[in-house]
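Have a look at the structure below before the remarks.
Readers should treat all values here as calculations from the given coordinates under stated rules, not as data from a laboratory. Just so it is clear, the model here is predicted, and its values are computed rather than measured. Cβ sites come from the backbone with ideal geometry, for glycine too, and all protein chains shown count toward neighbours.
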Amino acid sequence: MALINQVSGTPYIPGGDSPAGTDCSGLASWISNAATDRPVFGDRFNTGNEEAALMARGFHYGTAPNALVIGWNGGHTAVTLPDGTPVSSGEGGGVRIGGGGAYQPQFTHHMFLPMDPAGLVVDAPPLGPPPMDPPPPGAPALDVPPPGAPAPDAPPPGAPALDAPPPGAPAVDVPPPGGPPALADEPAPELPIPAPDVDPADAPEITNA
């Protein structure tokens, strides 16, 4: 409020940037500069570049209670201080305490700077992309691996299979070199054929010639 009291009552001067007077965007520039510890004069903006200038000063989109709020359109801008006091230049005269403030219906843009009751800037979440929308119905879960990705428990490419013998080791079912042949190759042993049983009564009589 010290700055506002200092310049209140000075005339509306288009493009002005000194305690002698200023226009609406000059007043918004001074107030935002003072709130962010910048030099009050010599670093002003206009309604054409106001959005980028306020972003560079740490302002956030929208409005908030207990914050420094600035509203604007293509031809006018005004300020509402954290305690709710409106200040303006060009609304019925030069720089003054009063006017419509930042919440005028004509304003199509609003940005705010969080501040505590003592007038100090309060840290606010940094500007960033909006939160992601939830996936549409039927969409795969976020932790599903993409097509072609290895299974979570799969060994890395090039790793040996878990049950494979180390390189150079013989196969499990192969006999060592010089050992007995595989069982599948051994010939079956020949068993003796027993003589048939003959009843002595039926045996032929052998006579000597």
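Counting only C-alpha contacts under 8 Å and six or more residues apart, can you give the relative contact order of region 2-114 as a whole percent?
Relative contact order for region 2-114 comes out at 29 percent.
Compute the signed sum of charges (Lys and Arg +1, Asp and Glu -1) over the other residues within less than 13 Å, Cβ to Cβ, of Val95.
That works out to -2.
Evaluate 2.2 N^0.38 Å with N set to the residue count of region 2-114, then give the Cα radius of gyration divided by it.
For region 2-114, the normalised Cα radius of gyration comes out at 0.92.
Quick query: amide H of Ala78 versus all other amide H atoms, modeled in the peptide plane; which residues come in under 5 Å with a sequence gap of 5 or more or a different chain?
Counting only residues 5 or more places away or on other chains, the set is Gly71.
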